[in-house]
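Here is the structure we will look at.
Throughout, read-outs are computed from the coordinates displayed, never taken from laboratory work. Here the structure is a predicted model, which means the values were calculated and not measured. Note: ideal-geometry Cβ built from the backbone for every residue, glycine included; neighbour counts use all protein chains shown.
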Amino acid sequence: MQKQPNKRWGFAAVIAAGLVIVAALATRDRGAVVETKDSPVGSAPAATTSVVDVEDGGTFELRAGYVQKEVDGRANRMMAYNGSIPGPVLRVRQGSTVTVRFANGLEEPTTVHWHGIRVTNANDGVPDVTQAPVAPGGEFAYELRFPDPGVYWYHPHVREDKQQDLGMYGNILVAPEDDAYWPKADREEFLVLDDIVASNGFLGPHHDDLTDYALMGRYGNVLLVNGAKAWDVRAAAGEVLRVYVTNVANARPFRVTFPGASVTLVGSDAGRVADPRAVDGVTLAPSERAVLHVQWPSAGTYAIEHRTPDRAYRLGTATVGEGTTASDVVAAPAPGDFAAIRPHLAKAVDMTWRLDVATAHMMHHASGSGPIEWEDDMRMMNAHMTDQTTEWKIVDPATGKVNMDIPMRWKTGEYVKIRIDNDASSDHPMQHPIHIHGQRFVVAAVDGVPNDKLEWKDTVLVPKGSKVDVVVELSNPGEWMVHCHVAEHLEAGMMAMMMIEGEDAVPKQ
Ligand code: C2O
Ligand code: CU
Ligand code: CU
């Protein structure tokens, strides 16, 4: 690892009371800092996130570039789609087809991945698998289809640990064909959860040529809620807000709570759940989504919090005014959405993925005791572990093969049961959000206990020491990635490929 002095912040010009003070900012040695372009000079201030309706057959222009954004009290150069963090919300109709003309205004290659959407394989945005990376100044036209209603998101599939962390993410809302698909709500809101490493306003650097924080992933110390410090929402008492929540953090799991409100879980990663139900809160690992109906009973000010077993973080505040009488919305169960997959849930396990790690300098070390690491309690050590000294692994015990060497070949129309075994005896056991591209699945059992709360997932959080059985509905032909959605784990190798042959079995509407 090459050590370079960090000069990237250069000089800051401060104009005060008619005096021009040129202050040289301290050169901050953080080890091998090679990211040299964080200066706000030359980038426009970040815009506010817009919601854009894109018609069937329509075209949308999406551009990656740099913006200036204040985080932790200082303007930083970050990366953004169409100049805002989060990027624009694309609102489309289920069954429609849309062209996204993407332009790369970054000084590094990138691609756009449409997380959770069963697009055709050529449009999946995986570099060197479904397309060549889009070079700086380059373009790519994505032809997207939207078979499933619900909330999805887009992000780069090149250096997620850096590009996504620096602000490249946005939601896609697929409005259902059937107007009665969701229980009634008065309004829709988005809640996008992120965190970032910052100290005294300086964003923690990212290396150009390696990924750090490779052991635990990069847990930030500053939360970004809808790209800001906090989410401030206004509502009337009794009003029902449908809140689409997305975790876009590199590594941090969130437990979202609305103390004082009644909260109903109505949707998950890919559409509505089989059994809508009252919940205290919802745990979301990186890339997972939840659709919540939130209703505050009376006027007042309410906190919105991320609550771990040990502490509470404020995510925002709801200011609730007087309202009409609460409309009692009863969310109807939707068992029909799962009729085709239900008979396959009890089948035998077809294959196991055992989760493991190998590091150059690691003893057996678990930093926390619970099944989920809510914090990085070993930040210094973690910060210095890179993708060159750490290999995260998906292991196929049947063949002994690891990651990209694991043979997986199936056909559309099949259902496969995969047991994800998060080995508690590995060198560093921790939770992993395991994501499958291009298909959808349900959790059939956790530690042998059948799951009766069905929901369509594209990512499942596998806690430390757990065995989670998922049944994947194979519908979409092509070469699809499977990987951990901790960005640093992906960069450190934790990925495999599924080859799916046969006819396209994704519904066309
Ligand atoms: Cu969110 Cu491989 O993706
Ligand atoms: Cu994905
Ligand atoms: Cu992982």
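Let a ≥ b ≥ c be the square roots of the eigenvalues of the Cα gyration tensor of the range 193-236; is it rounded (a/c under 1.5), or, if not, prolate (a/b larger than b/c) or oblate? Prolate, since a/c reaches 1.5 and a/b exceeds b/c.
Label point of residue 344 set 7 angstrom out along Cα-Cβ; within the range 475-502, amide nitrogens under 14 Å from it belong to 475-477, 500-502. Counted without the sites themselves, the longest stretch of the chain free of GluC sites (Glu not before Pro) in a DSSP loop having at most 12 other beta carbon atoms within 10 Å is 323-502.
Legend: calculated FRET efficiency, residue 128 to residue 301, from the Cβ-Cβ distance at R0 = 41 Å, rounded to 0.05, equals 0.20. Arranged from fewest to most other beta-carbon atoms within 10 Å of their beta carbon, 434, 304 become 304, 434.
Based on DSSP H segments of at least four residues, each scored -39500 (n - 2.57), the chain has a per-residue ellipticity at 222 nm of -500 deg cm²/dmol. Spin-label model, residue 324 to residue 199: label points 7 Å out along the Cα-to-beta-carbon direction sit 5.5 nm apart.
Among the listed pairs 347/467; 393/467; 417/467; 457/508; 347/464, those with a Cα-Cα distance over 18 Å are 457/508; 347/464. Applying 1/(1 + (r/R0)^6) with R0 = 25 Å to the Cβ-Cβ distance of residue 360 and residue 74 gives a FRET efficiency near 0.10. Phi-derived couplings, Karplus 6.51 cos²θ - 1.76 cosθ + 1.60 at θ = phi - 60°, listed residue by residue for the range 173-180: 10, 9, 6, x, 4, 8, 5, 9 Hz, with x used for Gly and Pro.
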